[in-house]
1. Under 5 Å between amide H atoms, partner at least 5 residues away or on a different chain: which partners does ASP16 have, H built in plane at 1.01 Å?
2. Once R0 is set to 25 Å, what does the formula 1/(1 + (r/R0)^6) return for the Cβ-Cβ distance between LEU11 and GLN50, expressed as a FRET efficiency to the nearest 0.05?
3. Under a point spin-label approximation (7 Å from Cα along Cα-to-Cβ), what is the ALA139-THR116 distance to one decimal in nm?
4. Could you name the lysines whose alpha carbon sits less than 23 Å from that of LYS10, not counting residues in the same chain fewer than 8 places away?
5. Using 1/(1 + (r/R0)^6) with R0 = 35 angstrom and r between the beta carbons of LYS62 and TYR149, what's the FRET efficiency to the nearest 0.05?
6. Of the accessible area of segment 129-188, with the probe set at 1.4 angstrom, what percent is carbon plus sulfur?
7. Using the Karplus curve 6.51 cos²θ - 1.76 cosθ + 1.60 with θ = phi - 60°, work out ³J(HN,Hα) for each residue of segment 70-87 in order, rounded to whole Hz, and write x for Gly and Pro.
8. Between ARG87 and LYS28, what is 0.36 nm times their sequence separation minus the Cα-Cα distance? Round to one decimal in nm.
Amino acid sequence: MDNLENRLLKLVLKGDQRAFAEIVELYKDKLFHLAYRMLNNRHEAEDVVQETFLRVFRNMEKYDPNQKFSTWIYRIATNLCIDRLRRKKPSYSLDAELNDQEGSDGYAMLPSDDRTPESEALLSETQTLIREAIDSLPAKYKSVMILRYLQDLSLQEISDVTGMPVTTIKTRVHRGRDFLRKKLEYKL
């Protein structure tokens, strides 16, 4: 992957638009999942992905080949998500859908052999509680928790993406977990 990625990046720097299209194909789904987890809105996540690729295209000459490209592009996407979260006033509604799919979420759509209506309802309730707890995190903890537990990035990778020291990342992960534990201890 890294070798292919490096060849594509060299071609992009020379102005090859097909190589940039390949970069888009490699990262569009990963960036969408990151943005969707952070923003919990399909349309905003799509906008963030599009804006991320626009910024990458416009600023490609600023990319340092000594750094991992994935870290650079994740940092751009994460910062765009954080900017949107800062601008957006939280609005809570008891009737709000979890996402653009009516009455369900992505996890509920995964096939399983042993699901019963009762287990489906319990799973859906648990997922809703966890998602609401994550959504209620302050932006500085939310972004780190999503990168750590939903995107499976290491502490060092999160540090590279956010530009914060690893010790700060550790602290925010710890405080984010404490926040979630307190929020969920009587609900689960």
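The values are calculated or read from the model by the stated rules, or taken from the named source; none is laboratory data. On a predicted model such as this, the values are computed, not experimentally measured, just so you know. Note: ideal-geometry Cβ built from the backbone for every residue, glycine included; neighbour counts use all protein chains shown. When the accessible area is computed, the model is the full protein with side chains, heavy atoms only, and any ligands, DNA or RNA have been set aside. Shrake-Rupley method; radii C 1.70, N 1.55, O 1.52, S 1.80 Å.
1. Here the answer is none, since no amide H 5 or more places off falls under 5 Å of that of ASP16.
2. 0.70
3. Reported label-point gap for ALA139 and THR116 is 4.5 nm.
4. LYS28, LYS30, LYS62, LYS68
5. Calculated transfer efficiency: 0.70.
6. Here it works out to 51 percent.
7. 4, 5, 5, 6, 5, 4, 4, 5, 4, 5, 5, 5, 4, 4, 5, 5, 5, 6
8. Between ARG87 and LYS28, full extension yields an extra 18.9 nm.
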